[in-house]
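In what follows, a single structure is set out as structure tokens and then discussed.
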Ligand SMILES: C[S@@+](CC[C@H](N)C(=O)[O-])C[C@H]1O[C@@H](n2cnc3c(N)ncnc32)[C@H](O)[C@@H]1O
């Protein structure tokens, strides 16, 4: 499906403001008729990653399986949606170079990564981005479902991966997420969107604290594993209180979420640009999918 779209040309341009920040700014070129407008910036993401820091190590390694940290060793890596730069740091420790893109937090993450010389931050919109080069590994963790157009972003990821390169995507699943989709999301739109981010952080702390007694009792009983989020809450028991607050805050704060159905995941990964023998679509703790595959040489 990706092959038959109208060809669109993007031109990297750098605005005065971005140049002052030292951030390359890539904008949608006007050389051909626009297929779409660019995604608007969402201050919520900047607020989130200013207020919270992710410290968990094992989640990233779980999400990228069957890829491993070795998959990044000495590679040119493109990270699509770097947030506060937590995964950027993990990958930069082994990769030759990491190019980390975000529409809202590139500057913030850059300020946190001054101790790494092999990282470049790019302020760009994944729905329209054209960096004009391809990478050995393209990784997109917890981001594609928060964009205006996940289909188009997947296409952009493919386009930035070199022949024989690796694509790693982790996304929320539509399956297994009924409570968040039909319970939390309407509440977020009705109520939480209007709260200040510091009040929302307070609400997130209270909700997290209320979850502890349930998660440490009922959700430990093996024969109750039919309960929603049973596998998910096993991770809740492994994470610190503050990291669990971040998880709750993330759900209440995200300005938009398009949960990825298994059918969509299969459609993306059935692209004829991917080596179908390498493709892995793996449910993770019942609420997400890890999508990993290699492009044809
Ligand atoms: C939940 S955070 C995940 C950040 C990071 N990957 C992580 O797992 O810690 C989602 C990030 O996607 C970024 N984002 C959303 N839409 C984007 C877009 N169209 N282009 C670039 N970044 C985008 C947000 O700014 C935010 O930092």
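Quick notes
- Scanning the stretch 109-135 for residues that are assigned to a strand (DSSP E or B) and either near the ligand (Cβ under 7 Å from one of its atoms) or surrounded by fewer than 20 Cβ atoms within 10 Å (Cβ to Cβ) (or both) yields a count of 1.
- Options 205, 237, 243: the member that is on the phi < 0 side of the Ramachandran plot, loosely packed, with under 13 Cβ neighbours inside 10 Å, in contact (Cβ under 8 Å) with a residue 12 or more places away in the chain and in a helix (DSSP H, G or I): 237
- Residue 151 vs. criteria at pLDDT 95 or above, within 14 Å of the ligand (Cβ to nearest atom), more than 18 Å from residue 271 (Cβ to Cβ) and in the same structural domain as residue 74 (by TED's automatic domain parsing): no
- Residue in the stretch 134-141 that is touching a strand residue (DSSP E or B) at 6+ places or on another chain (Cβ under 9 Å) and more than 21 Å from residue 65 (Cα to Cα) present: yes
- The helices (runs of 4 or more DSSP H) located wholly in the stretch 1-91 that include 2 or more residues which are at pLDDT 95 or above and within 16 Å of the ligand (Cβ to nearest atom) occupy 43-51, 58-64.
- Residue match in the stretch 157-179 (condition: in contact (Cβ under 8 Å) with a residue 12 or more places away in the chain, closer than 19 Å to residue 262 by Cβ, over 18 Å from the mean Cα position of the chain (by Cα) and assigned to a helix (DSSP H, G or I)): yes
- Pairs are defined by a Cβ separation below 7 Å, a sequence spacing of at least 6 or placement on different chains, a first member in the stretch 99-114 that is touching a residue at least 60 places away in the same chain (Cβ under 8 Å), and a second member that is near the ligand (Cβ under 8 Å from one of its atoms) and assigned to a helix (DSSP H, G or I); the pairs so defined are 104/45; 104/46; 105/45; 105/46; 105/49; 108/46; 108/49.
- Residue in the stretch 217-227 that is touching a helix residue (DSSP H, G or I) at 6+ places or on another chain (Cβ under 7 Å), in a helix (DSSP H, G or I) and within 16 Å of the ligand (Cβ to nearest atom) present: no
The values are calculated or read from the model by the stated rules, or taken from the named source; none is laboratory data. Everything numeric here is computed off the predicted structure, so don't read it as measured data. Note that each Cβ is placed from the backbone with ideal geometry, even for glycine, and that neighbours are counted across all protein chains shown.
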